[in-house]
Amino acid sequence: EVWTLGTDSLEFSFANYSSTVTDTTFDITVYVMGEAADQARTAEFEIDPSMSTAETNMYSFPEMVTIPTGELSVNLPVTVKRVEVLQTVQVQLYRKIKESADFKIGVTEQNHLLLKWSDILSKPNNWDDLEEFFGVYSLTKYRFIIDVLNTGEFDTDTLSWAQMKNYQIELAEALRLYNEANAGNPLADKNGNLITF
């Protein structure tokens, strides 16, 4: 779904994923320029603090990877984490190749990777089309929809009226169960308005 080949950056949002999703890992491929070697070699990375705003608890990015003997590439697993502050701000991490005993730095355009991620949820542009099924928009309601249906994208040009109606019924039942389980504290938005479908 998300790839970086031929680019120097990757942008990702947790917003349209269920709140049970706490992190996601991208498989970044590190390529060697030049010939394969008859020995394993190590590629090292460093952060550019002037272009990075992410705290270390927000990601996992190995400081080095080993290129196996005879290979020209290796997978670099990079994990970004979902933390509360991401609901209000996008963070970024700029990592670049570091010169090492095994490698010089490659071409400027491809010697780094810029990761940007957030969890900022915004009102879908087509909510006017969704209002018939979901009612008046609120951030709380939209987050509930995503958690129940496991998606926040509803293309009314491709989804039938019956499919949307089925979503509405499913959400109404999920809301009923939620309110039963939280007796005395029904789901409401930040203004205290009860969520309905």
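The values are calculated or read from the model by the stated rules, or taken from the named source; none is laboratory data. Computed from a prediction, not measured in an experiment: that's the story for all the values here. Neighbour counts are summed over all protein chains in view; Cβ atoms, including those assigned to glycine, are modelled from backbone coordinates with ideal geometry. Ligands, DNA and RNA are excluded from the accessible area calculation, which covers all protein heavy atoms including side chains. Shrake-Rupley method; radii C 1.70, N 1.55, O 1.52, S 1.80 Å.
Taking the 1.4 Å solvent-accessible surface of region 31-86 as the whole, the part contributed by carbon and sulfur is 50%.
Let me have the relative contact order for region 18-100, percent, based on Cα pairs under 8 Å that are six or more residues apart. Intermediate results must be reported in sequence, preceding the final value.
On the way: 139 pairs, mean separation 37.3, N = 83.
Value for region 18-100: 45 percent.
Grab the Cα-Cα distance for ILE105 and GLN39, subtract it from 0.36 nm times how many residues apart they are, and report the gain in nm with one decimal. Length difference between fully extended and current span is 21.9 nm. Calculated mean residue ellipticity at 222 nm for the chain: -6500 deg cm²/dmol, from DSSP H runs with n ≥ 4 weighted as -39500 (n - 2.57), summed, divided by the residue count and rounded to 500. Model label points for LYS98 and THR140, set 7 angstrom from Cα along the Cα-to-Cβ axis, are 4.7 nm apart. When the square roots of the Cα gyration tensor eigenvalues are ordered a ≥ b ≥ c, the ratio a/c for the chain is 1.5 or more and a/b exceeds b/c, which makes its shape prolate.
Normalised by the number of residues in the chain, what is the relative contact order in percent for Cα pairs under 8 Å and 6+ residues apart? Write down the numbers at each step before the final one.
Values: 310 pairs, mean separation 46.0, N = 197.
The normalised contact order for the chain reaches 23 percent.
Against the chain, whose longest principal axis comes from its Cα atoms, helix 139-149 is set at around 80 degrees.
Find, among the trypsin sites (Lys or Arg not before Pro) in region 49-142, those assigned to loop by DSSP (not H, G, I, E, B) with at most 11 other beta-carbon atoms within 10 angstrom.
Details: sites: LYS81, ARG82, ARG95, LYS96, LYS98, LYS104, LYS116, LYS141; in loops: ARG82, LYS104.
Those that pass, being in a loop and sparsely packed, are LYS104.
Label point 7 Å out from MET164 along Cα-to-Cβ: which residues of region 171-197 have amide N under 17 Å? Hits in region 171-197 for MET164 at 17 Å: 171-172, 197.
Rolling a 1.4 Å probe over the protein heavy atoms gives the chain an accessible area of 60 Å² per residue.
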